[in-house]
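Read through the structure below, which is laid out as structure tokens, and then see the notes.
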Amino acid sequence: MKKQELVDACPGLQGFFGLAEADITPTLDIYARNWGAAKQDRYQEIHRPLCMQCLAISTTKDAKALFLLTADLGWWKNAADEQRIRQAILSACQLTEDQLLLCLSHTHAGPVICSTDYDKPGGEHIVPYLQLLVEKAITLIRQCTENKVSAKLTWKYGTCDLAANRDLDLEGEMLVGFNPAGAADQTLLVGLLEKDNGEKLAVLVNYACHPTTLAHENIALSPDYIGAMRELVRAHTGAACLFLQGASGELAPREQYVADPAIADAHGRKLAYAVLSTLTGMLPAGEALLYTGKIPSGADLAVWTRGEYEMPDTIKAVLLTVDLPLKPLGAVEEIEQAWTNCQDRVLKDRLWRKLNTLRSLGNGNTAKAKLWIWKLGAVLLVAQPNETYACYQQQLRAAFPDTILAVVNIANGYIGYLPPASLYAKTMYAVEQTPYAKGALEILIKSTISALQTIKP
């Protein structure tokens with residue numbers, strides 16, 4: 001290496017940031033049947049509250065800001081619901097589409113957020129709850145706009161072994177569950193937001209792992225492992241903790257599909273301690289290790305000394321559209337008839353999800369998938385609405401090994417899985433569920449890398 005390259009720092013952004021939080025725990029009367037195997041339609045108790053958090057990011061106090069909204073919610077069955085909610089937020093706050101990311105944690109123990117489920121038990125509470133989400137989001141954005149302060153956001157990679165491969169090939173039958181022989185991306189990315197005086201404001205956690213600890217026998221409304229993780233990080237740092245779900249298509253905890261919230265809490269503590277370990281290894285914002293020369297000894301010693309590191313203050317937001325191929329999906333009328341005639345509750349639930357997806361996409365050969373890329377100083381954040389497999393984030397990071405990359409699933413919408421082309425020969429849930437055709441993920445990877453090459457300089 002050349003001497004001028006011998007700098008080790010936690011890259012990030014010097015700017016102005018605003019932070020706000022709200023409780024979005026719904027009434028227990030709301031429809032909440034997220035599992036086909038569930039016997040109940042509503043939860044009986046609250047394990048931990050559900051949370052919505054907002055982070056405003058701008059170059060100066062009065063400059064145009066980017067808004068990162070996170071919510072302890074599952075996924076959008078009906079794309080029109082998400083579009084109406086996001087458009088209402090954009091309109092009320094006078095934002096352009098590239099300025100806002102609404103990121104769901106993907107908990108499977110939350111309320112159903114599909115307006116077309118209005119006729120289900122507790123379904124009458126869904127639309128009012130969706131309106132509450134809009135109101136909460138608008139309030140948080142306005143609060144963040146008002147309370148922005150000068151601060152630094154720095155990032156560092158870590159690892160956590162909570163995530164395991166969940167594509168289990170059992171003698172030719174593909175199941176969704178812990179696969180001891182499968183590889184798992186256990187990359188953890190931690191961001192630390194500090195005021196200029198060193199006071200910690202927020203910790204951002206970007207990690208890929210399905211929140212499917214609590215499943216069909218669970219009776220408690222819950223953010224799953226994210227709740228305990230967030231609380232423990234806050235207890236140790238005094239800062240808010242925001243979670244960003246990574247590219248987790250085939251990743252989940254080893255022990256899952258349980259009814260015991262204590263197991264979800266244990267998973268959360270595992271992730272929290274990995275976050276705290278990563279934070280412990282971070283250099284202070286604005287400092288770096290600099291190579292200062294060699295000292296002859298028993299061996300020639302390379303001496304590194306802490307010095308100042310000038311953090312960039314540039315922010316850029318780019319919104320792209322990528323055409324992804326679709327499988328032949330059939331006609332809406334055919335799926336509606338099949339759903340009407342189906343007497344099996346589990347199969348009926350699958351057909352209902354397929355019907356909502358089909359209504360969102362239509363009968364074309366391709367779908368226009370949106371891709372958000374934010375340049376936050378020296379760090380790039382990539383967000384998209386689908387459930388990509390982990391190879392998405394792995395290949396992006398491999399293409400840019402010297403750049404910190406945050407990769408977010410289920411942001412600003414949801415349609416389906418994006419598994420790698422090699423899996424399309426198998427009969428498995430991710431391939432059956434997705435409306436996207438073989439090769440769609442590879443197209444998204446190539447398009448994202450191309451866009452990042454343009455934005456990175």
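The values are calculated or read from the model by the stated rules, or taken from the named source; none is laboratory data. From a predicted model like this one, the values you see are computed outputs, not experimental measurements. Note that we place each Cβ from the backbone using ideal geometry, even for glycine, and neighbour counts take in every protein chain shown. The protein model used for the area step is the full one, side chains on, heavy atoms only, and it has no ligands, DNA or RNA in it. Shrake-Rupley method; radii C 1.70, N 1.55, O 1.52, S 1.80 Å.
Can you find a residue that is outside any helix (DSSP H, G or I) and basic (K, R) anywhere in region 75-84?
yes
Quickly run through region 26-59 and pick out the residues that are among the charged types (D, E, K, R), open to solvent by less than 60 Å² (accessible area, probe 1.4 Å) and in contact with a strand residue (DSSP E or B) (Cβ under 9 Å, 6 or more places away or on another chain).
R48
Please work out if K316 is closer than 30 Å to A239 by Cα, of a type outside the set (S, T, Y), at pLDDT 90 or above and open to solvent by 50 Å² or more (accessible area, probe 1.4 Å).
Criteria met by K316.
Can you pull out every residue in region 23-67 that is under 25 Å from V127 (Cα atoms), under 24 Å from the mean Cα position of the chain (by Cα) and not in a loop (DSSP other than H, G, I, E, B)?
Result: D23, I46, C51, M52, Q53, C54, F67.
For region 285-312, which positions are assigned to a loop (DSSP other than H, G, I, E, B), loosely packed, with under 15 Cβ neighbours inside 10 Å and either in contact (Cβ under 8 Å) with a residue 24 or more places away in the chain or of a type in the set (D, E, K, R) (or both)?
D300, E310, listed by residue number.
Scan region 390-419 for residues that are part of a loop (DSSP other than H, G, I, E, B), within 15 Å of the chain's Cα centre (by Cα) and among the polar types (S, T, N, Q) and jot them down.
Passing the criteria: N409, N412.
List, please: which pairs have Cβ atoms under 7 Å, are six or more places apart or on different chains, and start with a residue in region 218-240 that is over 26 Å from R42 (Cβ atoms) and end with one that is open to solvent by 30 Å² or more (accessible area, probe 1.4 Å) and assigned to a helix (DSSP H, G or I)?
L232/R269; A240/R234
Are any residues in region 432-446 outside any loop (DSSP other than H, G, I, E, B), more than 19 Å from R166 (Cβ to Cβ) and open to solvent by 40 Å² or more (accessible area, probe 1.4 Å), and if so, which ones?
Within region 432-446, E442, I443, K446 qualify.
Using beta carbons and a limit of 7 Å, which pairs, at least six apart or on different chains, have the first residue in region 409-431 and surrounded by fewer than 20 Cβ atoms within 10 Å (Cβ to Cβ) and the second one hydroxyl-bearing (S, T, Y) and assigned to a loop (DSSP other than H, G, I, E, B)?
Hits for this filter: V431/Y424.
Quickly run through region 85-97 and pick out the residues that are part of a loop (DSSP other than H, G, I, E, B) and among the hydroxyl-bearing types (S, T, Y).
Within region 85-97, just T96 meets the criteria.
Tally time: how many residues in region 320-333 are open to solvent by 40 Å² or more (accessible area, probe 1.4 Å) and modelled with pLDDT of 70 or more?
5
Please go through region 110-147 and give me each residue that is open to solvent by less than 10 Å² (accessible area, probe 1.4 Å), in a loop (DSSP other than H, G, I, E, B), touching an Asp or Glu at 6+ places or on another chain (Cβ under 8 Å) and of a type outside the set (G, A, S), ordered by number.
I113, C114
Scan region 395-408 and report the pairs whose first residue is of a type in the set (S, T, N, Q) and whose second residue is not in a loop (DSSP other than H, G, I, E, B), with Cβ atoms within less than 7 Å and a gap of 6+ or a chain change.
Q395/I445; T403/L380
Checking Y157 against (1) open to solvent by 40 Å² or more (accessible area, probe 1.4 Å); (2) in a loop (DSSP other than H, G, I, E, B), which single condition isn't satisfied?
Every condition holds for Y157 apart from (2).
Looking at D62, D23 in this structure, which one is free of Cβ contacts under 8 Å to residues at least 60 places away in the same chain, open to solvent by 10 Å² or more (accessible area, probe 1.4 Å), in contact with a strand residue (DSSP E or B) (Cβ under 8 Å, 6 or more places away or on another chain) and at negative phi?
D23
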